[in-house]
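**Q** Take this structure, written in structure tokens, and hold onto it; I'll ask about it next.
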Amino acid sequence: MLSTLAANPALTEAAMHPGWGGWGFPWFLIFPFVWLLLIGFFIFFGRRIWWRNRLISNQQGAESVLRERYARGEVDETEYRARLEVLRSRT
């Protein structure tokens, strides 16, 4: 048996670390974990950016409607400023 172990270095590595098969640390477990972290990172920050852009566009939409009403003369200056202050205080 000693001559078989000496002739094949892979067998000696496997004999020294039983259960590892001579590969050392099981790296095949690390790579899926890294991919899951990357996918989670992109989902988290993607949703965050999307939500922030949605809030900004909603706020600018209301302000633009108020500006149009002021430009058409439907709202006077004091009412325009009061409503604009209310819209901007919501964020």
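The values are calculated or read from the model by the stated rules, or taken from the named source; none is laboratory data. Keep in mind it's a predicted model, so treat the numbers as computed, not measured. Here Cβ is always computed from backbone atoms with ideal geometry, including for glycine, and neighbour counts include all displayed protein chains. Just the protein is used for accessible areas: all its heavy atoms, side chains included, with ligands, DNA and RNA removed. Shrake-Rupley method; radii C 1.70, N 1.55, O 1.52, S 1.80 Å.
**Q** Let me check something: with ligands and nucleic acids excluded, how do Glu77, Glu63, Glu85 order by accessible area (1.4 Å probe), largest to smallest?
**A** Putting Glu77, Glu63, Glu85 in descending order of accessible area: Glu85, Glu77, Glu63.
**Q** Something else now. On a full-extension model of 0.36 nm per residue, what is the gain between Arg54 and Ile30, subtracting their alpha-carbon distance, rounded to one decimal in nm?
**A** Difference between extended and current length: 5.0 nm.
**Q** Using a 1.4 Å probe and counting only protein heavy atoms, arrange Ser64, Ser57 so the residue with the most accessible area comes first.
**A** Ser57, Ser64
**Q** In nm, what is the difference between 0.36 nm times the number of residues separating Arg83 and Ile43 and their Cα-Cα distance?
**A** 10.8 nm
**Q** When the accessible area of segment 46-91 is computed with all protein chains present and a 1.4 Å probe, what percentage of it is carbon and sulfur? Walk me through the numbers on the way to the answer.
**A** On the way: 1990 of 3980 Å².
C and S atoms contribute 50 percent here.
**Q** Taking 7 Å along the Cα-to-C-beta vector as the label spot, tell me the Arg90-Arg72 distance in nanometres, rounded to one decimal.
**A** 1.9 nm
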